[in-house]
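The values are calculated or read from the model by the stated rules, or taken from the named source; none is laboratory data. What you see is a predicted model; the values in this text were computed from it and never measured. Using ideal geometry, Cβ is built from the backbone for each residue, glycine included, and neighbour counts are taken over all protein chains shown.
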Amino acid sequence: MDAPLASIIADVFMTNLETTLMDDLINAGVCEWHRYVDDTFIEDGDKLEFLDVLITRSTGYQLFETTIYRKPTYADLLTNYHSYVSMQYKNGGIITMVNRALIICSTYTSLAAEFNEIRRIGLLNGYTSSFIDTIIGIKLSQYRKKNNDVIQSPQSGPDVKKRMYVEIPFIENATKEFRNKITHLCNKLRLDLDIQFFMKPSPAVQMLYQTKDPTNKKMKSDVVYSIKCTQCQHSYIGKTERQCIKRLHEQGAIVILLFGV
């Protein structure tokens with residue numbers, strides 16, 4: 001929908017579709033139809049896969065139940081526990097799945113089943129059961145506490161700390177030691193700061209070496225070039241998507257390019 005009128009055209013088309021075909025859709029078994037522009041939520045039967053949510057009509061046909069949906073092509077891959085990356089990324093992979101389960105799963109049965117699925121995926125990627133269960137326990141406790149606590153308005157005034165995000169390279173123990181020292185100094189000298197660290201993984205080995213020979217200047221394409229007249233002070237500036245040498249040859253400037261005459 002890059003065109004300015006795309007959303008209007010889509011809305012007109014879908015409105016016409018609903019007007020002319022809605023009776024046929026109902027006769028075909030469509031129970032629910034909700035639309036926003038051209039995104040539709042259609043219930044046809046008892047189950048519906050929508051993004052990463054599996055929506056099921058309950059037995060009494062009064063409520064919808066939701067749980068996690070994974071496509072058949074899902075490969076059960078996470079950042080391997082033995083990968084040389086910060087523990088933040090390893091924690092994040094499990095935490096993300098647990099948070100998603102807590103938000104989407106509408107029953108304790110589906111939530112328990114999803115936790116078992118998270119354990120299975122984690123074990124396939126080198127995570128230990130204790131590691132996964134610890135994260136599940138922490139996030140579950142936080143979720144319950146959040147739902148039980150009374151919602152309070154955000155703090156304001158001088159007691160609120162200013163949050164600062166800092167990116168540092170990941171060099172295992174050296175990174176942890178550096179982070180702890182900075183945090184300790186900040187707690188002593190700058191009580192108004194809340195520093196959040198992000199560990200940047202080391203670059204891949206292939207990034208340290210050239211895998212291709214550099215392209216010769218006259219063989220480059222999609223360039224802007226300038227041709228200066230040898231008999232006066234005028235010059236011509238052009239642009240081409242083809243190789244520079246071919247375009248200059250067509251304009252009779254090949255001698256200038258090769259020999260600098």
Looking at the range 91-101, can you tell me whether even one residue there is under 20 Å from the mean Cα position of the chain (by Cα) and farther than 27 Å from Lys176 by Cβ? yes
Basic (Lys, Arg) and at pLDDT 80 or above, is that true of Lys47? no
Would you mind listing the helices (runs of 4 or more DSSP H) fully within the range 169-261 where at least 2 residues are modelled with pLDDT under 80 and of a type outside the set (Gly, Ala, Ser)? 244-250, 254-259
Please work out which residue is surrounded by the fewest Cβ atoms within 10 Å (Cβ to Cβ), limiting yourself to the range 94-141 and to residues that are charged (D, E, K, R) and out of contact with any Cys (no Cβ under 9 Å at 6 or more places or on another chain). Arg120
Kindly indicate which of Asn99, Asn16 is assigned to a helix (DSSP H, G or I) and in the same structural domain as Ile132 (by TED's automatic domain parsing). Asn99
